[in-house]
1. Only one residue in PHE261, PHE323, PHE265, PHE319 is in contact (Cβ under 8 Å) with a residue 40 or more places away in the chain, over 30 Å from ILE57 (Cβ atoms) and buried (at least 24 other Cβ atoms within 10 Å of the Cβ). Which one?
2. Does ALA93 meet the test of being out of contact with any Pro (no Cβ under 9 Å at 6 or more places or on another chain) and either aliphatic (A, V, I, L, M) or without any contact (Cβ under 8 Å) to a residue 60 or more places away in the chain (or both)?
3. Kindly establish whether ALA137 is hydrophobic (A, V, I, L, M, F, W, C) and out of contact with any Leu (no Cβ under 7 Å at 6 or more places or on another chain).
4. Do any strands (runs of 3 or more DSSP E) lying entirely in the stretch 33-143 carry at least 3 residues that are modelled with pLDDT of 95 or more and closer than 22 Å to SER168 by Cα, and which ones are they?
5. Going through ALA241, ALA176, ALA170, ALA191 one at a time, which residue ends up being small (Gly, Ala, Ser) and either within 28 Å of ALA24 (Cα to Cα) or at pLDDT below 95 (or both)?
6. Out of the strands (runs of 3 or more DSSP E) lying entirely within the stretch 248-354, which hold 3 or more residues that are under 24 Å from ASP193 (Cβ atoms) and not basic (Lys, Arg)?
7. Against the condition surrounded by fewer than 22 Cβ atoms within 10 Å (Cβ to Cβ) and polar (S, T, N, Q), how does THR188 come out, does it pass?
8. Go through HIS295, HIS285, HIS362 for me and flag whichever is open to solvent by 10 Å² or more (accessible area, probe 1.4 Å) and modelled with pLDDT under 95.
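The values are calculated or read from the model by the stated rules, or taken from the named source; none is laboratory data. These numbers were taken from a predicted model, which means no experiment stands behind them. Don't worry about glycine lacking a Cβ; one is built from the backbone with ideal geometry, like all the others, and counts go over all protein chains shown. The protein model used for the area step is the full one, side chains on, heavy atoms only, and it has no ligands, DNA or RNA in it. Shrake-Rupley method; radii C 1.70, N 1.55, O 1.52, S 1.80 Å.
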Amino acid sequence: MTTATTPQPAALVLGDGRIFRGRALGATGRTLGEAVFTTAMTGYQETMTDPSYHRQIVAATAPQIGNTGWNDEDNESRGEKIWVAGLVIRDLARRHSNFRAERSLEDEMIAQGVVGISGVDTRALVRHLRDKGSVAAGIFSGDAARATDEELIAEVNAQPPMAGSDLSAAVSTKEAYTVEPDGVARFTVVALDMGIKSNTPRSLTRRGVRTVVVPHDATIEEILSHRPDGVFVSNGPGDPATADGTVEVVREVIRRGVPFFGICFGNQILGRALGLETYKMTFGHRGINIPVLNHLTGKIEITSQNHGFALAGEPGERFETEFGPARITHSCLNDDTVEGVALESGMAFSVQYHPESAAGPHDAQPLFDQFVELMAAHREAGHVDELRNAKENEK
């Protein structure tokens, strides 16, 4: 892979044979992935560093990208890595302007070897993806673009599909690490890293929660060794149908009576643990303005989302599980997609969207407070049981 200071011709090639021509953006070369689009008008840095976008070529619907440059504070991955497979935009800002910017978007893409394309009619591309669904794709520039169209299409279609892909190991931490809270630690949460965003532990630590982030394949014994007040499963890429090990761990967490909270991939994991199935969506939800109805409160939240898989179920549906009755608690007002599930006991709940809001609205931030309140109530109930047992023993 090489880099260039002057744009070279580039091509976005879709597996169904559609080709969009444009100019090389970032590094020149080739990259393969699934073509998806995001409707967010801001937050491209957070999007590009979100591990959930691993193996995805992201098209931005906002017409101009790069206006605010790139800084070292807004990365959502540990190690500041760009996870998107490639970036597709209409226009690159000629000059970035923001007091926090330290370099340009393209400078960072070149430094990390990320291949992109600009000058694409992104309206036509998004209409195509909405009609045909997310498809295999590739961006080719420089020497990589000199092959025939037929050869490029064949190369795109030779890559493994997203359905059936287990990608957690590629994005998860290899070793456990701890994020200490601001001030005194009130609780300890073990977070399974399926592709966790940096602002999630920060959202917990602001609430006095010590967060121990562990690899995606941590065992129940390893989790419980940290004596957690709660267990959390993060967002992440890939097909949730491949995560049988994590599903069983979550089932064991529930059996042990430990409070549980999950987001995005974690929502699909909890749903599977409660007996629901998952499926691949046509083009998914990716944006920061998606309306969700909370069936428990009747309130609507505007949410940040990034997912191509979802739980099968009906809005507000109540169903029986091994652990007692559960409900579909949230649904998307655009298409009735399941956006949340919970045990009616309150001991386990999850949502499909991103309450850490990086980037995005803050409507869902109180979910972290709900988790803290659940842990506090569970601890208090434990203290009451201990006092009751002590009095019984005295008799």
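1. PHE261
2. Numbers: out of contact with any Pro (no Cβ under 9 Å at 6 or more places or on another chain): yes; either aliphatic (A, V, I, L, M) or without any contact (Cβ under 8 Å) to a residue 60 or more places away in the chain (or both): yes.
So ALA93 fits the description; yes.
3. No; evaluated as a whole, the condition is false for this residue.
4. Result: 56-60, 135-141.
5. On the way: ALA241 fails: either within 28 Å of ALA24 (Cα to Cα) or at pLDDT below 95 (or both); ALA176 fails: either within 28 Å of ALA24 (Cα to Cα) or at pLDDT below 95 (or both); ALA191 fails: either within 28 Å of ALA24 (Cα to Cα) or at pLDDT below 95 (or both).
Sole residue among the options that is small (Gly, Ala, Ser) and either within 28 Å of ALA24 (Cα to Cα) or at pLDDT below 95 (or both): ALA170.
6. 260-263, 278-294, 300-311, 338-343, 348-351
7. Details: surrounded by fewer than 22 Cβ atoms within 10 Å (Cβ to Cβ): yes; polar (S, T, N, Q): yes.
Spelling it out, THR188 is indeed surrounded by fewer than 22 Cβ atoms within 10 Å (Cβ to Cβ) and polar (S, T, N, Q).
8. HIS362
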